[in-house]
1. Got at least one residue in the stretch 261-277 being in a strand (DSSP E or B), surrounded by 15 or more Cβ atoms within 10 Å (Cβ to Cβ) and modelled with pLDDT of 95 or more?
2. Which pairs do you get when a residue that is of a type in the set (S, T, N, Q), found in the stretch 8-36, comes within reach of a residue that is surrounded by fewer than 14 Cβ atoms within 10 Å (Cβ to Cβ) and assigned to a loop (DSSP other than H, G, I, E, B), reach meaning Cβ atoms under 9 angstrom, with the pair 6+ apart or on two chains?
3. Let me spell it out: the conditions are (1) within 23 Å of the chain's Cα centre (by Cα); (2) crowded, with 20+ Cβ neighbours inside 10 Å; (3) in a strand (DSSP E or B); (4) not basic (Lys, Arg), and PRO293 meets all of them except one. Which number is the exception?
4. Of the residues GLY284, GLY308, which single one is free of Cβ contacts under 8 Å to residues at least 60 places away in the same chain, part of a strand (DSSP E or B) and surrounded by 15 or more Cβ atoms within 10 Å (Cβ to Cβ)?
5. Can you pull out every residue in the stretch 220-243 that is out of contact with any Leu (no Cβ under 8 Å at 6 or more places or on another chain), part of a helix (DSSP H, G or I) and more than 19 Å from TYR297 (Cα to Cα)?
6. Looking only at the stretch 1-43, filter to residues that are assigned to a strand (DSSP E or B) and out of contact with any Leu (no Cβ under 9 Å at 6 or more places or on another chain); which one of those is farthest from ASP228 (Cα to Cα)?
7. Looking at ASP204, ASP199, which one is under 27 Å from LYS16 (Cβ atoms), surrounded by fewer than 23 Cβ atoms within 10 Å (Cβ to Cβ) and in contact (Cβ under 8 Å) with a residue 60 or more places away in the chain?
Amino acid sequence: MRNTALTEKHIALGAKMVPFAGYNMPVTYEGINAEHATVRNSVGVFDVSHMGEFILKGENALDLIQRVTSNDASKLYDGKVQYSCLPNQDGGIVDDLLVYRIDEKTYMLVVNASNIEKDWNWIKQFNNQNVEMHNISDKTSLLAIQGPKAADALQSLTDVNLASMEYYTFVKGTFAGVDNVVISATGYTGAGGFEIYFDNEHADKIWDAIFEAGAAYNIKPIGLGARDTLRLEMGFCLYGNDIDDTTSPIEAGLGWITKFSKPFTNSDALQAQKEAGIQKKLVGFEMIDRGIPRHDYEIADADGNIIGKVTSGTQAPSLQKAIGMGYVAKEFSKEGTEIFINIRNTPIKAKVVKFPFYK
């Protein structure tokens with residue numbers, strides 16, 4: 001098991017630690033529901049240093065990114081972030097990721113922890129123009145400070161005007177007395193906030209400074225359990241659950257990050273799929289009758305015919321109801337359609353709803 005630079009902090013705070021993507025990670029401190037509420041209502045801090053970061057540099061860095069990602073990275077400007085994915089050659093997704101444009105010839109890619117090596121090797125095989133590639137994952141820490149009070153809680157630590165930062169932009173600046181920190185107005189919770197990237201050696205200092213500055217806002221550490229319930233309430237995909245090597249970005253509702261204005265891996269086939277129409281679609285649903293949907297549960301129609309399967313599900317803390325995501329045959333994907341989740345061999349009624357669940 002690998003540790004982050006902050007593992008000892010989590011243990012000292014009484015976190016329940018679990019293995020996740022090869023790392024020893026905090027899943028919860030005081031309970032998922034309480035931590036979830038902290039992020040929705042005030043401010044919480046996630047250690048997500050297990051995520052991967054690659055730097056791509058050189059004259060042809062943008063060209064390489066354009067060829068391997070589905071979104072149009074030519075639309076980026078310095079300080080702008082873009083959500084994208086790495087399509088494979090079989091119609092599925094290698095990973096979803098964030099693309100940061102540092103300058104015209106320098107980009108940072110942020111990838112999922114479980115896919116660091118896979119993504120590195122995937123991108124490297126297309127690097128036939130001598131783009132400099134640096135995997136900085138092992139030396140980089142990442143904290144997500146999320147919630148409506150995040151800007152207020154952090155403002156005393158930096159000269160950057162946090163409240164004026166636009167969603168999906170970033171700056172490099174001084175934070176908690178540490179230079180060269182990437183401060184990014186991004187996150188995976190739908191509650192607003194920031195993600196900050198810095199060298200591991202500064203982890204203790206920055207962690208302590210954040211909790212000191214945020215004390216007046218009742219800032220708390222948050223585990224991966226609440227990260228999952230928060231992202232699910234927003235209908236955000238989780239790689240390995242809702243998207244994977246077998247799911248098309250078109251089927252997953254990620255057509256908005258799949259731009260056919262340029263060629264990329266498997267773009268012709270994906271464009272043909274879009275034009276021909278998909279056979280299955282990722283939908284959100286909420287339970288009408290009692291029951292909590294879980295990953296891989298079957299989805300059926302009123303006659304008991306299997307029409308799909310659940311990819312993610314939970315009892316949503318903010319909504320006080322059970323919700324889920326799953327792929328269903330296209331004819332059952334319309335909002336309001338009644339479906340049934342097979343829970344322990346019993347069909348439990350649900351209905352298709354629009355994302356996000358939490359508004």
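The values are calculated or read from the model by the stated rules, or taken from the named source; none is laboratory data. Nothing here was measured: the structure is a model prediction, and the numbers come from that model. All Cβ positions, glycine included, derive from the backbone under ideal geometry; neighbour counts span all protein chains shown.
1. Within the stretch 261-277, the first condition is being in a strand (DSSP E or B), and the residues that meet it are none.
No, the conditions are met nowhere in the stretch 261-277.
2. ASN24/MET1
3. (3)
4. Values: GLY284 fails: free of Cβ contacts under 8 Å to residues at least 60 places away in the same chain.
Residue meeting the stated conditions: GLY308.
5. LEU224, GLY225, ALA226, ARG227, LEU230, MET234
6. Restricting attention to the stretch 1-43, the residues satisfying the condition of being assigned to a strand (DSSP E or B) are 2, 16-20, 23-28.
Restricting the remaining residues to those that are out of contact with any Leu (no Cβ under 9 Å at 6 or more places or on another chain) gives 2, 16-17, 19, 23-24.
On the way: ARG2: 21, LYS16: 15, MET17: 15, PRO19: 15, TYR23: 17, ASN24: 17 Å.
Per the criteria, the residue is ARG2.
7. Working: ASP199 fails: under 27 Å from LYS16 (Cβ atoms).
Exactly one residue qualifies, and that residue is ASP204.
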